[in-house]
Every structure is written in C-alpha cells, then in structure tokens.
Amino acid sequence: MRIALFVTCLADTLFPEAAKATVRLLERLGHQVVFPADQTCCGQMHINTGYPDDALRLVRRHVQAFAPYDVVVAPSGSCVGSVRHQHAAVARRAGDERLASRAEQVARHTYELSELLIDVLGVTDVGAYYPHRVTYHPTCHSLRMLRVGDRPLRLLREVRGLDLVELPDAEQCCGFGGTFAVKNADTSTAMLADKMRHVLATRADVCTAGDASCLMHIGGGLSRLRAGVRTVHLAEILASTEPVPAGGSTSEGGPVRAPDREARR
Amino acid sequence: MTETFLGMPATAPAGVGNLRGDEPFPVAARRALADAQLRRNLRHATGTIRAKSAAVIGEVPDWPELRAAGRAIKSDTMARLPELLEQLEAAVTAAGGTVHWAADAVEANRIVTDLIRAAGADRVMKVKSMATQEIGLNEALEAAGITPVETDLAELIVQLGRDRPSHILVPAIHRNRAEIREVFLREMPGVDPALSDEPAALAAAARRHLRETFLSTRVAVSGANFAVAETGTLAVVESEGNGRMCLTLPETLITVMGIEKVVPSWDDLAVFLQLLPRASTGERMNPYTSMWTGVTPGDGPQAFHLVLLDNGRSAVLADEVGRQALHCIRCSACLNVCPVYERTGGHAYGSVYPGPIGAVLSPQLTGVEENASLPYASSLCGACFDACPVMIDIPSVLVHLRARHVAERRAAHRTPSAEAVAMAAAAYTMDHPRLYAAAQRAAGLGRLAGRALPPPLNGWTASRDVPAAPPQTFRQWWAERRSES
Amino acid sequence: MTSRDLVLARLRAALAAAPPTVPDRATAAYRRHGDLPPGDPELLDLLARRLTDYRAEVHRVAASAVADTVTGILAAAGASVVVVPPGLPADWRPGDIEVVVDDDLPAARLARLDAVVTAAAVAVAETGTIVLDAAADQGRRVISLLPDLHVCVVRPGQVVATVPEGVARLTPGRPLTWISGPSATSDIELNRVEGVHGPRRLHVVVTDR
C-alpha cells in the first residue's frame with residue numbers, strides 16, 4: 001500500500017527518530033511510504049491558543065499537501081485529532097465551505113499509527129523485538145479524541161522480549177496541553193509530577209506513548225529528575241527488531257537505543 | 001464592549017454577585033498548589049466520587065442513549081427558550097404561583113428582598129442554590145437587614161467558616177472532617193465540645209443546630225434543578241432533607257431559577273432524574289427529590305414566587321458554539337474528573353462556577369474579557385466531555401472562547417500582543433516550506449537544548465528539560481535517503 | 001419595557017442571530033420500560049436489594065400481616081406516638097401504640113412525634129425509590145418529614161422497574177416526594193453518611209398483594 005507520511009512539525013524538528021521509525025516499520029511490513037514535501041504544521045497550536053484565523057493558511061496547506069493520497073499516517077494522536085476534529089471547523093469559521101469539505105475528505109483518510117496498523121493494515125504482530133520493561137501512557141487526544149482504545153497495547157503485547165507493565169492512573173493527563181504548559185506552568189508541573197510518580201512506580205525502563213509532544217513533556221521532567229527512565233515513541237519500539245545472528249548485519253531498527261537520547265544522559 | 005442596546009443579549013453586570021475573581025487563574029492556582037492539605041483533600045474526595053459514579057453508571061445499560069437524550073432535550077429547550085418560559089409562566093400562574101422576571105443580579109436581589117419584606121420576615125432559610133450564589137443574594141439580604149441561613153450541610157460549613165464555596169455540588173469539598181469539626185466547635189452555638197470528627201456525628205450536629213430554624217422560619221429561598229414548562233412543576237434534587245424542610249414548612253417560598261433550567265415536558269424528567277444523581281453524587285438516586293406545582297391548598301407554602309433570572313444567559317445563548325454551556329445540569333462530574341480542578345480546587349477559578357464548566361460558563365456570562373484567563377485553565381484533555389451527562393463539548397467551547405478572547409483583544413487594541421505577533425509569524429513561516437526548513441535548521445544550530453529558556457518559556461524549563469535538537473531533521477534525513485537510493 | 005419583555009426580547013435576538021440546530025430526539029431512544037412487568041417477584045427482590053443498599057430496612061410480608069409488622073417495627077424502635085394520614089387503610093394501623101391521625105397538626109407537634117406510617121404512590125425498583133404523592137393514604141408532605149422514623153407500605157402493583165415508568169405513573173400537579181433511603185449527605189469528603197434532617201430511619205414494608 002502507498003502511504004503518505006504526515007510527519008508533524010514536532011517530530012520533524014525535534015523527534016525525527018519517531019518519524020524515521022514509522023517509515024522503517026511500514027517499509028518492513030511491505031508498504032511504500034511517501035513524504036509530501038509541502039507539508040509543514042497542522043496548525044493545532046494556533047487553533048488551541050485562540051488563533052484560528054492564522055491557522056487557516058496552515059489548514060489549507062495541509063489539505064493541499066495530503067488531498068492526493070488515499071492513506072495518510074501520523075505518529076501523533078494529537079495532530080490526527082486536530083485534522084479530524086478541528087480542520088473543517090476552522091475552514092467553516094472562515095466561511096470556506098469548499099475547504100471544509102476537502103478537509104473532511106482528508107480527515108477520513110488520516111490515521112494515527114496504531115489505527116493504521118490494526119484497522120487498515122490488519123496487523124497486531126509487526127515482528128518487533130524490544131527486550132525492555134515498558135509502560136504505556138495513553139495520551140489524552142489518542143484516548144479521547146481518536147478513541148484508539150487498547151490498539152497500542154495490543155501492538156505492544158505482541159512485541160518479543162517486551163515486558164509490559166500497567167501505568168497507574170494511566171488515563172490522567174500528563175499536564176502538557178500545548179501552551180497550557182507555559183500559560184499555566186505551575187498547574188502543568190503539578191500534573192507532571194503525579195504522572196512521573198506513577199511512571200517511576202512501575203519500575204519500567206521505558207515510558208512509551210503515541211504522541212511525541214506528551215513524551216517531550218514527560219521526558220523533559222524525567223530528564224530533569226535524572227530518573228533513569230527513558231521516553232520512547234511507540235513507533236520506535238514497533239520498528240525495533242531482533243539483532244540478526246552472527247554473519248548478518250543488524251537491522252536498521254535495533255538495537256533499541258536512540259543514539260541522541262543516549263548522548264543526552 | 002460595555003455598550004448595551006435594549007433588547008439585545010446582555011452580559012451579567014459587574015459589581016454584584018460572584019462571577020468574577022480578583023486575580024487571574026494562574027496566580028490564584030499557584031497559591032492553591034502550594035497548599036498540600038488542600039490537594040490531599042481534593043484528591044481524596046474527587047477520587048472517591050469518580051469511583052462511585054463509574055460504578056453506578058456501569059449499571060445503566062442505556063447510559064449513552066440517556067446522554068444523547070439529555071443533550072437533545074436541552075438543545076430543543078434552548079431553541080425555543082422564549083416560548084417555553086412563557087408557557088412555564090402561564091402554568092405556574094394557573095397553579096397559584098407568581099412569576100417574576102429578573103434581567104440581572106441587581107433586579108433579582110431586589111425582587112427577593114422586597115418579597116421577604118412584604119412577608120414581614122427578617123430571616124430566611126435557604127436551600128443550596130447556585131443561582132443565588134451567582135447573584136450574591138446573601139450579601140444583598142444582609143445589607144437589607146435580613147439574615148439568610150444556609151441549610152445544606154456544605155453551605156452551612158462554608159457560611160459558618162466565613163469561607164467561599166469551591167465546588168458546585170459540595171461547596172466545602174476543600175475541607176476535611178477534622179477541619180469541619182473545628183469550624184463547628186468554633187461557630188456553632190451550643191455545640192457539644194466533645195464532638196468527634198466522624199461524618200455521622202458532624203451531620204447530627206448540623207441536624208440539632210438547624211432544627212429550630214426549620215420550624216420557626218416563615219420564608220424560604222430555593223433554587224431549582226428543573227422546571228417543566230407544560231405543567232409548571234418545579235423540582236429540587238437533594239440529599240439531607242433540608243430541601244424538603246424549606247419547600248414544605250414555611251408560609252412563603254421564593255424560588256430563584258436560571259432561565260435555562262426549564263425543560264419542555266413532564267417526560268423529560270425521566271431522563272434527567274437518571275442522569276443527574278449518577279453523574280453527581282454517584283448514587284442510583286439521591287435520597288430526596290421534591291416536585292411541586294404552584295400552591296397546593298393545605299399542603300406546604302401557601303405563597304409561591306418564581307424568579308426567572310437572565311443575568312448574562314441571553315448573551316450565552318447568542319454564542320452559537322458557546323450556548324451549549326447552558327445545557328449544564330450542575331452535576332459537577334466535570335469538576336470531579338478534571339486534572340486541573342483536582343490540583344487547584346475551586347477558589348482559583350474566582351467565579352462560583354469552578355472547574356471545566358465554570359471555565360466555559362463564567363466568561364460567557366460576564367463577557368470573555370472579564371474572565372479572560374479561564375478559557376486557558378485547561379490542558380484540553382477531554383475528560384470533562386466524556387464525563388458530562390448531557391454531552392457538553394467543553395474542550396471545543398474552551399478553544400472557541402480562546403479565539404473570542406484573541407479577537408476581542410485585537411479589536412480593542414491598536415497594537416497586537418506579542419503572542420499575536422509570534423503566532424502570525426509562526427503561521428507565515430510554516431506556510432512557506434523554505435522558511436520553515438531554515439527555521440528548523442536555525443533551531444538545530446542554536447541547540448536550544450538545556451535548562452533555562454527566557455520568559456514566557458521559562459515556565460517550561462522551571463521543571464523540565466528541553467529536548468536536545470537532533471543533528472538532522474526528518475526532512476533532511478528523508479532528502480539524504482532519497483538521494484542515496 | 002418590563003423586565004419580562006426585556007428578557008424575552010434578548011432571548012429572541014440571541015436566537016435570531018444564530019438559529020440553533022436541534023438533534024433529533026427520536027435518535028436518543030433510551031429505555032422507557034424494564035424487562036419485567038410491574039409487581040414481578042424479581043422486581044420486588046431488586047427493590048428490596050436497592051433499598052437495603054442505601055440503609056433502608058425492608059420487610060416482605062403478607063398483606064394480612066401489615067399491621068403486625070408495623071407494630072413490631074415501631075415497638076423495636078421504642079416509638080410511643082405515631083402519626084398516620086387520614087386515608088391510611090384501617091387494617092394497616094399499628095396497635096399497642098398511641099396513633100394520631102393528621103388533621104393539620106402544627107409542625108411543632110409533628111416534630112415531637114416518634115414515627116409516621118404512610119402508603120406510597122409508586123416505587124422504582126432499579127433505583128430503590130419510593131414516591132409519595134400526597135394522596136389520602138400518604139398525607140401532607142410534612143408528616144413524612146418531621147418524625148424521625150418513616151414506615152412506608154408498598155403494594156406489589158406499585159413497583160415498576162425504571163424511572164421512566166415511575167414518572168409516567170405520577171400526576172404532575174400533585175406535590176411529589178421521591179425518597180431513596182433515609183436522609184443522607186455526601187458533603188463530608190464525598191462519602192455518603194445517613195442521618196441528617198429528614199427521617200433517619202426508613203422502613204419499607206412490601207406486601208404480597
């Protein structure tokens with residue numbers, strides 16, 4: 001299948017490993033990934049901060065970039081949530097009904113990674129290998145805007161070597177919320193403190209999620225604590241494979257540690 | 001935008017009532033967050049209610065259908081609110097009640113004060129009512145020499161402790177049993193000095209304290225949970241029996257009701273009497289619900305006055321997106337699931353309507369500029385929308401009100417805010433891929449990773465590290481990979 | 001312009017600016033009836049369980065044994081004076097106790113009485129609720145409010161499964177009191193404790209016909 005990658009501005013700029021892993025994973029599963037070069041940002045930050053007028057040009061750009069493709073995937077529940085639940089409304093607010101209906105068309109073909117794998121590609125075992133103790137944080141927008149449900153967990157349960165541990169109070173927000181983390185920094189920090197407490201209680205090596213933004217928040221807090229727990233995007237775990245025995249070369253996705261993250265600690 | 005036109009939707013006036021806080025949410029929240037006892041109390045209480053509510057909602061096979069029905073009834077109500085209010089007025093009047101219309105808090109307070117004076121009373125007993133909290137009725141009555149006595153246990157705790165309510169359903173949620181005992185020992189005349197902090201003992205103390213008030217007070221003031229337009233029936237949902245006392249024992253009953261509380265037909269009560277208790281106190285049914293229609297000869301108050309309150313509701317109705325905030329049945333489920341409320345408590349919101357519903361209702365009642373920080377007091381996690389028994393899409397209304405705030409600020413100021421300039425610049429850059437790629441490279445070169453960013457971003461680096469910029473953006477990697485293959 | 005006209009004009013202006021879209025009520029098809037018909041033995045069991053869950057005490061007795069049962073409840077509670085509504089069936093009246101028939105008794109007098117015995121209009125099994133509608137066998141609202149012990153006698157045919165069935169059976173113009181267990185509060189740490197201003201004890205006697 002030909003799949004267009006909606007990389008998201010955050011993964012493109014700060015977390016390219018998550019996007020690269022998405023590419024490797026889908027190619028390993030036998031699909032062709034294309035990257036529409038005109039894409040930049042979905043405009044969610046503008047919309048959620050009160051600037052839908054400024055977001056309009058970004059919505060238009062996004063729709064133009066992705067309208068030609070039958071299947072679009074993003075390694076972000078939050079950005080897919082914006083495409084699905086906000087883009088048409090931004091267009092309608094500006095009186096552009098034509099753009100709104102095109103945005104709805106794009107939204108219908110846009111999937112978060114776990115949705116794409118399970119609902120469209122019909123796989124739960126992606127052949128991954130990841131020998132670590134992992135806990136999963138179901139990010140708010142994946143959980144409540146997209147209703148991805150237990151799809152990420154079903155994918156993680158099939159990963160060889162992975163020890164999945166349940167996160168207490170998993171469904172509570174980590175406190176990111178885009179500009180909320182800046183405008184209400186104290187409250188955001190209090191929410192983050194509780195999330196980190198729960199992550200540490202699992203004694204996991206790795207906290208994973210389907211959103212780079214929430215992982216940036218949780219990872220930023222854990223890094224400050226020097227807690228020894230890493231945040232790794234779901235795509236990176238699913239892209240990891242068992243090292244090929246002597247004679248063969250190590251696959252691109254494994255071993256599992258992202259070098260830039262390692263260097264930081 | 002203070003100019004008003006007669007007959008055009010109007011916001012609630014300033015200087016009266018309790019819809020505006022003294023300081024922005026982040027400032028008030030910071031103080032609340034520093035109170036460890038408050039956070040323990042809130043965590044315990046909201047955790048308890050979440051578990052109870054989930055259990056009894058789980059028993060209802062048609063909960064999604066009931067929520068949809070609740071939303072449909074409320075949407076229908078708002079679409080023909082003027083007609084339904086006229087119908088309600090006619091039905092109440094036909095049943096022996098008197099209907100009064102109050103355009104705002106000032107007028108409502110004056111109407112109620114005059115009615116109490118006309119009844120020759122200098123003391124009234126009150127059933128917990130958000131509408132009378134909203135308009136500052138107690139303050140107005142005290143200024144007129146009339147003593148209001150709150151009879152709901154939590155309201156009594158707040159009144160005796162000279163405190164402010166912090167939750168829609170349980171105004172004293174910020175107090176634990178030990179603190180309540182202290183308030184009773186200090187403020188309740190004749191209380192047993194050996195009073196324990198067992199909830200049952202505290203409830204019994206309130207029973208003894210208020211018994212004589214119930215039997216001797218001639219006028220009561222209540223709110224209303226529902227008013228049925230077709231029959232003129234009013235309903236009050238409660239637990240303790242203080243509501244029954246106030247609705248049954250006095251000679252005169254005055255009910256102050258926000259105009260959005262009307263429902264079209266009798267059958268509609270069947271939906272809300274299932275939604276409300278399970279979503280609010282986590283009970284299959286609350287202990288007592290009273291329904292009355294005008295005056296019943298020989299049973300209960302023989303004079304009944306209904307005060308229909310606008311106080312900004314017409315302005316809410318005028319907002320196509322925001323008007324769904326009027327669907328609220330004041331259950332508090334959104335407060336109980338909100339991660340922000342759980343940590344800051346209700347006082348940080350300033351208004352008597354705290355939590356997620358308060359963050360969408362208060363700014364609309366007062367005008368967004370007078371509660372401008374509230375639409376931002378949310379991480380948009382969406383837990384409130386899922387919990388709402390009438391499916392109010394609170395996150396979408398919050399985002400909408402942020403846009404209203406930005407637009408109103410833009411209209412009122414000649415120079416754009418720094419944020420607006422940054423947002424416009426970011427949108428322009430992101431709409432030009434070459435500029436965008438250049439900006440990405442600049443971010444990488446700048447290596448803004450580390451521990452301290454300048455304001456306003458220092459809110460982030462106070463407690464979190466910024467990720468190191470990777471050596472290469474995704475699009476650089478993609479381009480290289482393409483050229484290699 | 002009166003305030004009435006002002007408020008109505010504001011509301012009409014608000015709606016005219018942006019006419020609302022109303023979801024179809026028909027699509028919100030909630031349960032109007034339970035699976036069991038009124039009075040079904042399983043419903044009576046459910047009612048009893050739900051009432052007990054909220055600290056009411058339930059007695060399942062033959063219709064001929066109501067008076068003895070009520071007498072026993074009152075005696076066990078140490079009640080010495082009980083008020084009854086004028087229309088309470090004569091064969092439900094307790095013995096061995098002073099019975100006062102309500103005849104517009106003043107509230108202060110009612111507050112000194114130990115107990116009240118009433119019938120009910122409807123009971124809702126799923127929620128453990130009894131509803132009084134001030135008919136002659138239930139009396140004025142105040143008599144079931146001030147005494148500390150309320151004994152309520154329910155006939156099987158009055159027991160419906162769901163809230164919608166209960167609402168449909170009631171007459172809107174009458175004063176209605178829905179009662180689900182004894183007086184309670186959740187105001188202290190959101191935990192339910194029984195016993196505030198209303199009757200602190202509720203006994204429900206469910207008869208067999």
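Bear in mind these aren't lab numbers, they're just calculated from the coordinates by the rules spelled out. Note that the structure is a prediction, hence the values are computed from the model and not measured. No Cβ is skipped: glycine too gets one built from the backbone with ideal geometry, and neighbour counts run over all protein chains shown.
Here are a few things to note about the model shown:
- Cα-based shape type of the stretch C:35-207, given that a ≥ b ≥ c are square roots of the gyration tensor eigenvalues and the cut on a/c is 1.5: rounded
- Beta bridges per DSSP with both ends in the protein assembly as shown, % antiparallel, nearest 5: 25 percent
- Helix C:66-76 and the longest principal axis of the C-alpha atoms of chain C enclose an angle of approximately 80°.
- Chain B pair-distance distribution - Cα-Cα, 20 Å bins, rounded %: 21, 52, 20, 6, 0
- Legend: mean number of C-beta atoms from other chains within 10 angstrom of residue C-beta atoms, peptide A:6-19, equals 5.
- Shielding value for B:307-313 is 2, the average number of Cβ atoms from other chains within 10 Å of each residue's Cβ.
- Peptide B:75-83, shielding by other chains (average Cβ, 10 Å cutoff): 5
- Cα-based helix-to-principal-axis angle, B:105-118 vs chain B, degrees rounded to 10: 10 degrees
- If you take all other residues with their beta carbon under 14 Å from the beta carbon of residue C:97, and give Lys and Arg +1 and Asp and Glu -1, the sum is -3.
- Percentage relative contact order, the stretch A:133-264, counting C-alpha pairs under 8 Å, at least six apart: 24 percent
- The stretch B:331-408 and the stretch A:4-35 have Cα centres spaced 36 Å apart.
- Positive minus negative residues near residue B:118 (Lys, Arg vs Asp, Glu; Cβ under 14 Å): 0
- Shown is the FRET efficiency for residue B:415 and residue A:101, computed with R0 = 35 Å from the Cβ-Cβ distance and rounded to the nearest 0.05: 0.40.
- Spatially near lysine pairs across the protein assembly as shown, Cα under 20 Å, sequence gap of 8 or more or different chains: 4
- Here the stretch A:2-120 was treated as a single set of alpha-carbon atoms; its pair distances binned every 5 Å from 0 give 2, 13, 23, 26, 19, 10, 5, 2, 0 percent.
- Measuring nothing but how far apart in sequence close Cα pairs (under 8 Å, 6+ apart) lie, relative to its length, the stretch C:81-140 scores a relative contact order of 44 percent.
- Ordered by the count of other Cβ atoms within 10 Å of each Cβ, fewest first, B:217, C:52 give C:52, B:217.
- Over chain A: helical MRE at 222 nm, DSSP H runs n ≥ 4 each giving -39500 (n - 2.57), nearest 500: -13000 deg cm²/dmol
- Cα lying deepest toward the dipole's positive end in the protein assembly as shown, options B:433, A:74, A:11, charges on Cβ: B:433
- For residue A:79, the shell of other residues with beta-carbons less than 10 Å away shows a net charge of -1, using +1 for Lys and Arg and -1 for Asp and Glu.
- Tilt relative to chain B, helix B:394-412 - C-alpha long axis, 0 to 90 degrees, to 10: 70 degrees
- Unpaired by the 4.7 Å Cβ criterion, cysteines found in chain B: B:246, B:328, B:331, B:338, B:388
- Residues whose amide H comes within less than 5 Å of that of residue C:101, counting only those at least five positions distant or on another chain, are C:84 (H built at 1.01 Å from N in the peptide plane).
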